[in-house]
């Protein structure tokens, strides 16, 4: 029985990955030199596709790393001399905060209970804050921060760097990159690809901060410092031997997403590309939330509609996690258990572009 993975990452492979993987092997993509023209073309096309798909400004830089955890570390190293400020509402936003401690910075945080969001406009940060770290979509709890709140932060703190974790909301998230300085994601969630690559997007303000710290003698890392990454990226290369196959697959899948057309009968069928993907994601999220809002026992963990994630949906199943997972797996359906302390009490349902509406309906009918 072929399984369908509604897990929050790694997740279901995007529908065209197998075809692109077969083509990559036929054309020996895993064996090509990362210093050759063929790789440079892959790098360039991947960057161009990402900028078109996500509306990333031309002047922004895109770097390829090993993971989103590495992105967190590189951001702190390159953009914070001493003080960062973190919005913590779950395990992954907490990792960002802890990363700053581990690299010997002095971060501060504001923390809310799991399942709750922030009133960002009421929070005042210390004047010494150099970087604001915020997780747009907290995978562990299903909390999503409204984008207009992030834009409000920019208005209140125009001189402070803002870094946004869009790991489990890209490519769905319609982020205005002019309102933030850094964003990052990994490919095994919304892009439906095998794990093993992170993508970091940085503007010139972030690069200037890295140059300033380096000139001042602050350790900003070695081969994956922003300056080292930029030096190679300007020639469509990476400092080290990268995940060439992963980049090739990302190039192909982003190209597919740019021409995506919905197969449903909703209005989204008239849309193309990222607009169709976002419309279909909204429709599937509505199906899931409506189902559980009406369920006699199982309920969405996030109560406030304003903070409900559209892409990683946490459901409080009152201790029935193991029973539900076992029942679904017999049907070839795999969802995530709760994260951390919620392992036995939650299920988490991914709603990424790889998940078709009919499969979501089938999953809900089995629950």
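Checking the structure you have, find out if any residue of region 228-241 is more than 18 Å from residue 60 (Cβ to Cβ), outside any loop (DSSP other than H, G, I, E, B) and in contact (Cβ under 8 Å) with a residue 12 or more places away in the chain.
Scanning region 228-241 turns up no residue that is more than 18 Å from residue 60 (Cβ to Cβ), outside any loop (DSSP other than H, G, I, E, B) and in contact (Cβ under 8 Å) with a residue 12 or more places away in the chain.
Tell me, please, whether a residue that is part of a helix (DSSP H, G or I) and at pLDDT below 95 can be found in region 90-109. So that I can check it myself, show each step before the final result.
Within region 90-109, the subset part of a helix (DSSP H, G or I) is 91-102.
Keeping just the survivors that are at pLDDT below 95 gives none.
Looking through region 90-109, none of the residues is part of a helix (DSSP H, G or I) and at pLDDT below 95.
Could you please find all residues in region 116-160 being under 19 Å from the mean Cα position of the chain (by Cα) and surrounded by fewer than 22 Cβ atoms within 10 Å (Cβ to Cβ)?
Scanning region 116-160 gives 117, 146, 147, 148, 149, 150, 151.
State the number of residues belonging to region 112-134 that are out of contact with any helix residue (DSSP H, G or I) (no Cβ under 8 Å at 6 or more places or on another chain) and either more than 23 Å from residue 338 (Cα to Cα) or assigned to a strand (DSSP E or B) (or both). Full working, then the answer.
Of the residues in region 112-134, the ones out of contact with any helix residue (DSSP H, G or I) (no Cβ under 8 Å at 6 or more places or on another chain) are 112-113, 115, 119, 122-129.
Right, trim to either more than 23 Å from residue 338 (Cα to Cα) or assigned to a strand (DSSP E or B) (or both) and you get 119, 122-129.
Counting residues in region 112-134 that are out of contact with any helix residue (DSSP H, G or I) (no Cβ under 8 Å at 6 or more places or on another chain) and either more than 23 Å from residue 338 (Cα to Cα) or assigned to a strand (DSSP E or B) (or both) gives 9.
With 288, 277 as the choices, which residue is within 19 Å of the chain's Cα centre (by Cα), touching a residue at least 60 places away in the same chain (Cβ under 8 Å) and under 23 Å from residue 335 (Cα atoms)? Outline the logic, then answer.
Details: 288 fails: within 19 Å of the chain's Cα centre (by Cα).
277 is the lone residue from the list that is within 19 Å of the chain's Cα centre (by Cα), touching a residue at least 60 places away in the same chain (Cβ under 8 Å) and under 23 Å from residue 335 (Cα atoms).
The values are calculated or read from the model by the stated rules, or taken from the named source; none is laboratory data. Computed from a predicted structure; not experimentally measured. Positions of Cβ are backbone-derived with ideal geometry, glycine not excepted, and every protein chain shown enters the neighbour counts.
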